[in-house]
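Below: one structure, written as structure tokens.
The values are calculated or read from the model by the stated rules, or taken from the named source; none is laboratory data. A quick note: this is a predicted structure, and the numbers were derived from the prediction, not measured. Cβ coordinates were reconstructed from backbone atoms using ideal geometry, including for glycine residues, and neighbour counts include every protein chain displayed.
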Amino acid sequence: MEDNPKLDELYHLLKLDVVGSTNEEAARLGREGAPAGTLVWAKSQTGGKGRRGRDWVSPGGNLYASLLLRPNILLAQAPEISFVAAVAVFNTLCFILPQTARIHMKWPNDIIVEGHKIAGILLESSAQGEMLDWLVVGIGINIASSPDKTPFPATSLHESGAPHAKTADVLGRFADSFKRVMETWTNEGFAPIRKRWLEFAWCLGEEIEVKTEQETLRGVFCDIDPSGALILDLGGGDKRIITAANVIRGFPT
Ligand code: BTN
């Protein structure tokens, strides 16, 4: 049914019409002790947040959801869950879009269809010492529309071959897929997640331009390390390990 996603019992859905940011709402619930599996879903957001302080424009018709988790892990392991989320969104879109669609994951966790961004993920967390207390996985998937004039071109499911996709169905599929990928991560660790991510990585082995807080670098995207950091080959034996940056352009051959 359009308005109610089918969800496994591990999820506790909080459905809202409008909210500032589902991530903010899930973080507030996290601080108040809400259980793992709390899933905040809003029809639109007035203050949607993107990575690195950017806004996430959030009109009705797209998916805005944030999942509260309480895994018993070191804070340093949290980035692994961002790859878990990326693979789950990727699997969801593979299911929904036609088989011919070329879908990739752009480091660290954007989803790209035919070279256009269709989904983004924002993780926020709180720790007690070195251990994670709670983690919010926020996902935005462009379903009915995509923003214009973004630094990286954007698209939506309706534009990319799934003209009838509906938010509740997409959320239900994502929740299912996330549960499965998370189980793989819990039972087998990061290696199979990293493998799947690399198999569908955008511009792997190609030249890319990467913007860190300090500089813009151009080099060959040669791998991700066992923790998920991007390895950029600048040539002449100079390889950089990048943990936080934006991949702003690719030069696929
Ligand atoms: C990115 O910059 O690519 C990440 C975008 C994440 C957007 C989602 S929409 C649901 C959740 N609530 C937010 O305020 N942001 C995330």
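Observations
- Of all residues in the stretch 118-135, those that are under 22 Å from residue 61 (Cβ atoms) and surrounded by fewer than 21 Cβ atoms within 10 Å (Cβ to Cβ) total 0.
- Filtered residue count, the stretch 185-220, keeping only those that are of a type in the set (Phe, Trp, Tyr) and either surrounded by fewer than 14 Cβ atoms within 10 Å (Cβ to Cβ) or under 19 Å from residue 233 (Cβ atoms) (or both): 2
- Condition met for residue 93 (surrounded by 14 or more Cβ atoms within 10 Å (Cβ to Cβ), farther than 30 Å from residue 232 by Cα and within 16 Å of the ligand (Cβ to nearest atom)): no
- Taken over the stretch 37-56, the criterion of being more than 8 Å from the ligand (Cβ to nearest atom), without any contact (Cβ under 8 Å) to a residue 60 or more places away in the chain and not hydroxyl-bearing (Ser, Thr, Tyr) is satisfied by 37, 40, 53, 55.
- If only residues of the stretch 136-172 that are within 13 Å of the ligand (Cβ to nearest atom), among the hydrophobic types (A, V, I, L, M, F, W, C) and not in a helix (DSSP H, G or I) are counted, the one that is surrounded by the fewest Cβ atoms within 10 Å (Cβ to Cβ) is 152.
- Matching residues, the stretch 20-31, being over 20 Å from the mean Cα position of the chain (by Cα) and surrounded by 19 or more Cβ atoms within 10 Å (Cβ to Cβ): 29
- Beta carbons closer than 7 Å, at least 6 apart along the sequence or on distinct chains, never pair a first residue in the stretch 178-196 that is free of Cβ contacts under 8 Å to residues at least 60 places away in the same chain and within 18 Å of residue 73 (Cα to Cα) with a second that is surrounded by fewer than 19 Cβ atoms within 10 Å (Cβ to Cβ) and hydrophobic (A, V, I, L, M, F, W, C).
- Residue satisfying all of: in the stretch 221-244; crowded, with 16+ Cβ neighbours inside 10 Å and part of a loop (DSSP other than H, G, I, E, B); modelled with the highest pLDDT among these: 229
- Boolean, residue 110 is surrounded by 18 or more Cβ atoms within 10 Å (Cβ to Cβ), within 25 Å of residue 230 (Cα to Cα) and either within 11 Å of the ligand (Cβ to nearest atom) or more than 17 Å from the chain's Cα centre (by Cα) (or both): yes
- Residue 154 meets the conditions (1) touching a residue at least 12 places away in the same chain (Cβ under 8 Å); (2) in contact with a helix residue (DSSP H, G or I) (Cβ under 6 Å, 6 or more places away or on another chain) in every case but one. The failed one is (2).
- Residue satisfying all of: in the stretch 16-36; in contact with a helix residue (DSSP H, G or I) (Cβ under 9 Å, 6 or more places away or on another chain) and in a strand (DSSP E or B); nearest to the ligand (Cβ to nearest atom) among these: 19
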